[in-house]
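Engineer: Mind having a look at this structure? Questions to follow.
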Amino acid sequence: MDIRRRGWKTGTGINTKFGSAGYSESERCLDGMVGMDPELYKAATHGKVKILKQLLQDKDKSDILLWSTTPQRNTALHLAALHGHAEFAREVLETTKNELLVARNGDGDTPLHLAAKEDKMKVADLLVRWQKDTNGDAKTPPESPLVMTNRAGNTPLHEAMRQGRSDMALLLLNVDPHRGHDLNGQKESPLHMAAREGLEDVVRKILESPWVEEEYKPSVSVRGTALHQAVLGRKIRIVEILLEKRPELIDLTDSDGNNALHYAAQKDRHRAVELLLNHRTELAYACNNQKQTPLHVAAHYGSAAAIKALLRHCPDVAEMTDAAGHNAFHAAVASGKTNALRCLIRLVRPAELLNRVDSSGNTPLHLAAEKCHVQSALLLVKDKRVDPCIRNRGDHTARSLLEFRSAQGRTTHHQVEIRSADGGGGGGGDKPHTNLEIMSGDSEMDMDAYEMYLWKELKRQESKRCRKQQLPPLAVPFDRRTSHKYFERSVETYILVATLIATVTFAATFTMPGGYDQTKGIALHGHNNAFKIFIISNTVAMCSSIVVVVCFIWAWKNPVRFMVNQLLWGHRLTIIACLAMLVSLMTTVYITVAPTSRWPAYVVIAIGMCTPGVVVLILGREVIFVPL
């Protein structure tokens, strides 16, 4: 036995140092590690106890047989635990006098780790009962596999939690309840993991254990407390249990200063938000290390349901700002979450909050223009409470900030023609034309179609609502070119699509569904209402596409002016043509299907009606309003 144990510890791959599960490459290449006996490997993986006994009868092999390992340093007991062969594992333990019970493989896993990972209940029960001493108490470190950690720093209980093994976790906790508060390498206890995985029985077991009252200390780490993790999970009952059993958790934060309400706001867990606010309303006003409230977090992540719950309980929390001076409107705009912005606009009424300036003097509209978030900017500028005339500390309105953003950093010292915002009349009309030197690119105001559309809308709102105010001068590209190559590709795409639509709809005019009356020359289904709808929709599609083709051919006369004023209408007419062609398809199928079997037509109509919604769902609402 001494020879076998010495060989196991020094040369055949089992490390008995409990403080470290790591192995160097040199240890992996020891001369003693020649691999496991093939017959033993097959017996262990298939649970063949009879073959094991036959192998052990060979006196030449029996001294070192069970101490041999695979290249991953798995012993026969590891393999039996991995595959759930309890009787085979019992035979190995009886032969080795428990010594393989604490053997580690290359990942630092003991056999109990593997049984916990794979949910092998019979093997796990055998291993935990086998490790008890004669008094029936669990052995203490370093003799107990219950407390041994693998390379990831996880005990067998952590591994059971990580895999969501509720029954396995309860088995291990029944043997040693103290393991419920052990921290792994990521500073997570089994309670953290059970709360996140939604294992209600395990959470109750850990919280109801007598030792908890004396020894349990919530860990404050990057991942927060068990309450933080419960909020990340989707089981609200666990949040209720933690608030009932451990109410002190509600005041604790993670290392970034986020409380559980911040987490609920981020993940849009509106039920958890309601529950936490019912317990402690003050949580809504608590700030993290960046001075962000849960409302800031909800706005940043687009959590509309959480925003509604927060404002319902604490409507004045919308007034709070973070370290950069941003309120919730700024946060929603900066992240481009239009659903959150739409919700805030609907629920927050004071105009002062919509026009609040941050530490740089930027309103939410400035921020939307600077980041070119078209949909966010349109939501704001079309709200009558939003003032498009406000200047930031750089003396920019949202419109001039968009111009500056488009011009900045593209070439060196190009000249841009400047004129007043109202074209020379009204307020600011006495300013002369000047030349402005800026850092710009191939063209001074090199905007794509999205930026140009937003710029046009901001300019229109300024001229409409800021007539009595002095505004920054209006920048116009001096060389009359704006993203020429990009514009050329867009025009070619629209012309191609419009031409295809015109061709198809023109052909449909002479191949009417149902055919013609050969004697009278009229359509056979001319009396049918569906046929009349087909005629109208087909005509709309054809005429719209013809208008697009003609206008886009004419676009080259003045590309910049066309891009600003007509590209949008060309896009919308193309959308109309596509929708009309879709209606033509549905009505054609309806007409040609026999009245006695209409269900295929109804299916086609349902698919056709869903098509625009699917496009909007994938590409967003801007696909309707903003050209390529």
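Engineer: Scan segment 354-410 for residues that are under 14 Å from A332 (Cβ atoms) and of a type in the set (S, T, Y) and jot them down.
Structural biologist: Of everything in segment 354-410, those that are under 14 Å from A332 (Cβ atoms) and of a type in the set (S, T, Y) turn out to be T363, S376.
Engineer: Residues in segment 500-557 that are among the aliphatic types (A, V, I, L, M) and exposed (fewer than 15 other Cβ atoms within 10 Å of the Cβ): how many?
Structural biologist: 6
Engineer: Given the options F506, F487, name the one that is at pLDDT below 70 and aromatic (F, W, Y).
Structural biologist: Residue meeting the stated conditions: F487.
Engineer: Next question, about the same structure. Just to verify a result, which residue in segment 107-137, among those that are of a type in the set (S, T, N, Q) and in contact with a Lys or Arg (Cβ under 7 Å, 6 or more places away or on another chain), is modelled with the lowest pLDDT?
Structural biologist: Q131
Engineer: Considering only helices (runs of 4 or more DSSP H) fully contained in segment 567-628, which possess at least 1 residues that are hydroxyl-bearing (S, T, Y)?
Structural biologist: Fully inside segment 567-628 and qualifying: 567-592, 599-619.
Condition check ((1) surrounded by 20 or more Cβ atoms within 10 Å (Cβ to Cβ); (2) touching a residue at least 12 places away in the same chain (Cβ under 8 Å); (3) of a type in the set (A, V, I, L, M)) across all residues:
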| position | (1), (2), (3) |
| --- | --- |
| Q229 | yes, yes, no |
| L252 | no, yes, yes |
| D256 | no, yes, no |
| N259 | yes, yes, no |
| Y285 | no, yes, no |
| T293 | yes, yes, no |
| C314 | no, yes, no |
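Engineer: Next up: If we keep just the residues of segment 288-306 that are part of a loop (DSSP other than H, G, I, E, B) and under 17 Å from V231 (Cβ atoms), which is nearest to the chain's Cα centre (by Cα)?
Structural biologist: Applying the filter and picking the extreme gives S303.
Engineer: Of all residues being part of a loop (DSSP other than H, G, I, E, B) and at pLDDT 85 or above in segment 189-223, which is nearest to the chain's Cα centre (by Cα)? Just the residue, please.
Structural biologist: G198
The values are calculated or read from the model by the stated rules, or taken from the named source; none is laboratory data. Quick caveat: nothing in here was measured; it's all calculated off a predicted structure. We place every Cβ from the backbone using ideal geometry, glycine too, and count neighbours over all the protein chains shown.
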